[in-house]
Each structure stands twice: as structure tokens, then as C-alpha cells.
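The values are calculated or read from the model by the stated rules, or taken from the named source; none is laboratory data. Everything numeric in this text was worked out from a predicted model, so none of it was measured. Counting neighbours? That spans all protein chains shown, and the Cβs are built from the backbone with ideal geometry, glycine included. Surface accessibility is based on the protein's heavy atoms, side chains included, excluding ligands, DNA and RNA. Shrake-Rupley method; radii C 1.70, N 1.55, O 1.52, S 1.80 Å.
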Amino acid sequence: MTKLAALGFDDFFASQLERLADPQWVPARIVAEGQSSFHLSGCRAPLGDLSGTLRGSLAKTERPVVGDWVAVIDGADRASIQRVFERRTTLVRRAAGTLAEPQVVAANVDVFFVVTAVNRDFNERRLERYVAAVWNSGAEPVVVLNKVDLESNIEEMLEAIDRAAIGVPVVQASAATGTGVDELRAYIAPGKTVGFIGSSGVGKSSLMNRLLGREVQAVGGLRDDERGRHTTTARQLIELPGGGVLIDTPGMRELGLVDDIGGIETSFPDVAALAERCRFRDCAHEREPGCAVLAAAATGELSAERLASYRKLLAEIAAAERKRDPILAGRTKSRWKEIHRAMRARSKVDPKLKRDN
């Protein structure tokens with residue numbers, strides 16, 4: 001396997017390079033972002049700068065981030081970045097301290113390890129948010145419950161994960177003892193990109209060091225409150241000796257959503273299935289008669305907390321959309337109809353979820 005293929009350069013990106021039809025341009029992958037330059041892999045130059053034309057034409061969300069593939073004019077020391085390739089997947093969050101400004105966290109990730117920990121970090125609602133963001137990105141989520149060596153009884157946490165991340169694989173792990181590391185390795189292969197996300201101190205860097213077999217990322221010990229110390233301060237792509245890459249991200253105090261392209265309904269298949277039984281196809285599950293979602297919440301079939309989380313995420317996305325474009329303020333009903341049409345289309349694959357006659 002070539003160096004580029006091991007980094008994840010496949011037909012999706014090769015076809016884009018071919019369409020550019022410029023023999024001077026070669027592919028490279030963004031390893032890390034600097035103040036003005038980018039660290040590269042796959043070409044001769046270790047560093048690259050945006051061309052003058054590109055620098056003035058890219059929106060914030062279009063600028064290269066860790067994981068992006070770019071076309072460069074190569075050099076011995078520095079390369080000139082001429083084009084950012086179309087992304088296969090894009091993890092986006094609401095920029096901290098803003099109501100609607102999107103920030104790209106990482107690009108072209110195949111699988112995200114959503115890492116949480118048993119020592120006080122675990123939060124069911126936060127996990128729902130992370131999983132929804134990963135589904136929205138186009139990547140596959142895998143929940144990693146880390147630090148299982150610190151707690152003998154984790155059954156309640158596993159049940160909560162099953163509620164918050166329905167159908168998502170779960171790996172019980174310990175960076176300290178090596179538990180679950182082989183299960184995580186099964187997701188890593190030449191040409192594949194695996195990202196780590198989670199809040200500060202859950203042990204992402206420690207797990208990455210275990211997978212790499214050496215200490216690449218600095219780690220911190222536990223604080224007095226049993227939370228891990230936050231150590232990763234910047235996004236970084238790290239190549240594995242046998243092929244494939246890992247992307248570590250700093251712990252996020254918040255992961256605000258700014259858009260929904262299917263992640264919410266994928267994260268809440270239980271709500272989607274119930275919505276199929278509502279009397280009205282455009283039911284918003286607020287106070288409409290014949291609403292199966294509200295009926296399930298009233299009987300306890302659907303927990304009030306789960307429904308509240310679902311509503312909160314949708315409201316957050318709607319608010320971000322209205323902030324970005326005031327015209328959207330009058331389109332709330334249309335947006336809800338789109339969401340539920342997507343729910344119905346998804347549920348058709350399972351005969352059990354069809355609307356009752």
C-alpha cells in the first residue's frame with residue numbers, strides 16, 4: 001500500500017485530483033493547523049501555506065482543518081496549497097460563545113470514538129448530543145466507556161448508554177489496564193481514519209497512546225475530584241505504523257449543534273418509530289391530538305428526559321438556523337415537516353415501524 005493510500009487517499013479523492021487536471025498539483029493531508037501554516041503529510045514539504053487566491057476566497061468553514069485533503073504545489077520545505085478537496089465527512093459544532101457560528105472540528109473521519117468515563121464524567125444527555133453530532137458528520141459513532149478499572153458496577157451506565165445511543169457499538173475500555181484496546185484496534189485499518197471526541201479528562205489521549213504503543217500525546221493524572229486532567233490543546237492527526245490514522249481533539253466543554261442533516265432522527269430512532277403512529281404526519285409532538293410520542297411519554301414508554309433532550313436539540317438547531325438567516329424564522333413548520341418526512345423514510349426499512357392502519 002502506498003503512503004497516500006495508507007493515509008486514506010482513495011478513489012473519492014483521486015477522482016477529484018484527476019478532474020483538476022494539473023500535473024503540478026499533488027495531494028497532501030492536513031496533519032495540524034498552525035497560526036498561518038499547515039502541517040502536511042503525503043508530500044515532500046512538511047509545511048504548507050494557502051495560495052493568495054485561496055486565502056481570500058475561502059469562508060471560515062471552508063478553510064483546511066485536520067483531516068482535510070488538499071492539492072499542493074510541492075517543495076522541499078514548503079508547499080503552496082491550491083485547492084481543498086470536497087470532504088467525505090465533516091464534524092461541525094457551534095463555535096464556543098456564539099449562537100450560530102459553525103466551527104469545523106475535523107474532516108474525513110470514518111469512525112469517531114465517543115469517549116466517556118465512569119468517574120463522574122458520564123452524562124446521558126451529553127452522550128446523546130455527541131452521538132447526534134457524529135451521525136450528522138457522516139461518520140460512524142462508537143461509544144467508548146473508559147476507565148472501567150475504577151468502578152466495579154457499571155451496569156447502570158451501560159443501560160444509560162443503550163438508551164442514549166440506540167444501536168451504537170459500545171466498547172468497555174481502560175487505558176490503564178489495556179482492557180478493550182483490542183476491540184478498538186478492530187476499527188483501525190490502513191486507509192481508515194478514526195477520531196476521538198469527548199469532554200476533558202475522559203482519557204482520550206491515554207487511549208490513543210495505548211493504541212500507538214508509545215506516548216505521543218501528553219496525559220495528566222486524576223484531580224482530587226477523580227476527573228482526568230485536560231491535556232490535549234489542539235487537533236492533531238497521527239499516523240499509525242501499520243497504516244491508518246488517528247485524530248485527537250481537545251476536550252469540549254460544549255458541543256452545540258448548528259444543523260441537522262439526519263443525525264437527530266438517527267440518534268432518536270425510538271422517537272422516529274413512535275412518530276410513525278401519530279395521527280398527523282406533520283405532528284410536532286407538542287400538544288396535537290393523537291400524538292403517539294406524547295402518549296408514550298405519558299405512559300413511561302418514552303422517558304420525559306429523552307423527549308426533552310430530543311426537543312432541546314431540535315430547538316437548538318432551529319435557533320441557529322434563524323440566527324444565520326432571519327428569513328428562516330417564518331419557516332419553522334416547514335422544517336419540522338422535513339424532519340418527520342426523513343423519519344418516515346427511515347422507518348420504512350423496518351415493517352414493524354409502519355404506520356398502523
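Points worth noting:
- Options ASP49, ASP10, ASP77; residue that is among the acidic types (Asp, Glu), open to solvent by 10 Å² or more (accessible area, probe 1.4 Å), farther than 16 Å from LEU237 by Cα and touching a Pro at 6+ places or on another chain (Cβ under 9 Å): ASP77
- Within the set ALA106, ALA59, ALA79, the sole residue that is within 23 Å of GLY8 (Cβ to Cβ), without any contact (Cβ under 8 Å) to a residue 60 or more places away in the chain and among the small types (Gly, Ala, Ser) turns out to be ALA79.
- Residues (in contact (Cβ under 8 Å) with a residue 40 or more places away in the chain and either within 22 Å of THR193 (Cα to Cα) or surrounded by fewer than 16 Cβ atoms within 10 Å (Cβ to Cβ) (or both)) located in the stretch 28-46: ALA28, ARG29, ILE30, VAL31, ALA32, GLU33, PHE38, SER41
- The number of residues in the stretch 138-156 that are open to solvent by 10 Å² or more (accessible area, probe 1.4 Å) and within 10 Å of the chain's Cα centre (by Cα) comes to 2.
- Selection from the stretch 190-212 of residues that are in a loop (DSSP other than H, G, I, E, B) and either over 19 Å from the mean Cα position of the chain (by Cα) or not aliphatic (A, V, I, L, M) (or both): PRO190, GLY191, LYS192, GLY198, SER199, SER200, GLY201, GLY203
- PHE122 open to solvent by 10 Å² or more (accessible area, probe 1.4 Å), among the hydrophobic types (A, V, I, L, M, F, W, C) and out of contact with any Cys (no Cβ under 8 Å at 6 or more places or on another chain): yes
- All conditions but one from (1) of a type outside the set (Asp, Glu); (2) closer than 22 Å to VAL131 by Cα; (3) at pLDDT 70 or above; (4) in contact with an Asp or Glu (Cβ under 9 Å, 6 or more places away or on another chain) apply to ALA292; the one that does not is (2).
- Looking across the stretch 177-194, the residues that are out of contact with any Leu (no Cβ under 7 Å at 6 or more places or on another chain), open to solvent by less than 80 Å² (accessible area, probe 1.4 Å) and either under 30 Å from THR2 (Cβ atoms) or of a type in the set (Lys, Arg) (or both) come down to TYR187, ALA189, PRO190, GLY191, THR193.
- Subset of the stretch 57-94 (residues that are among the aliphatic types (A, V, I, L, M), closer than 19 Å to SER41 by Cα and under 25 Å from the mean Cα position of the chain (by Cα)): VAL65, VAL66, VAL70, ALA71, VAL84
- Residues located in the stretch 265-282, provided they are more than 14 Å from VAL168 (Cα to Cα) and open to solvent by less than 40 Å² (accessible area, probe 1.4 Å): VAL271, ALA272, ALA273, LEU274, ALA275, GLU276, CYS278
- Scanning the stretch 161-176 for residues that are open to solvent by 10 Å² or more (accessible area, probe 1.4 Å), of a type in the set (A, V, I, L, M) and part of a loop (DSSP other than H, G, I, E, B), we see that the one that is farthest from PHE113 (Cα to Cα) is ALA176.
- Any chance ARG287 is modelled with pLDDT of 80 or more and either among the basic types (Lys, Arg) or surrounded by fewer than 21 Cβ atoms within 10 Å (Cβ to Cβ) (or both): yes
- Within the stretch 254-275, residues that are at pLDDT 80 or above have Cβ atoms under 7 Å from residues that are hydroxyl-bearing (Ser, Thr, Tyr) in these pairs: PHE268/TYR310; VAL271/TYR310; ALA272/SER347; ALA273/SER347, counting only partners at least 6 apart in sequence or on another chain.
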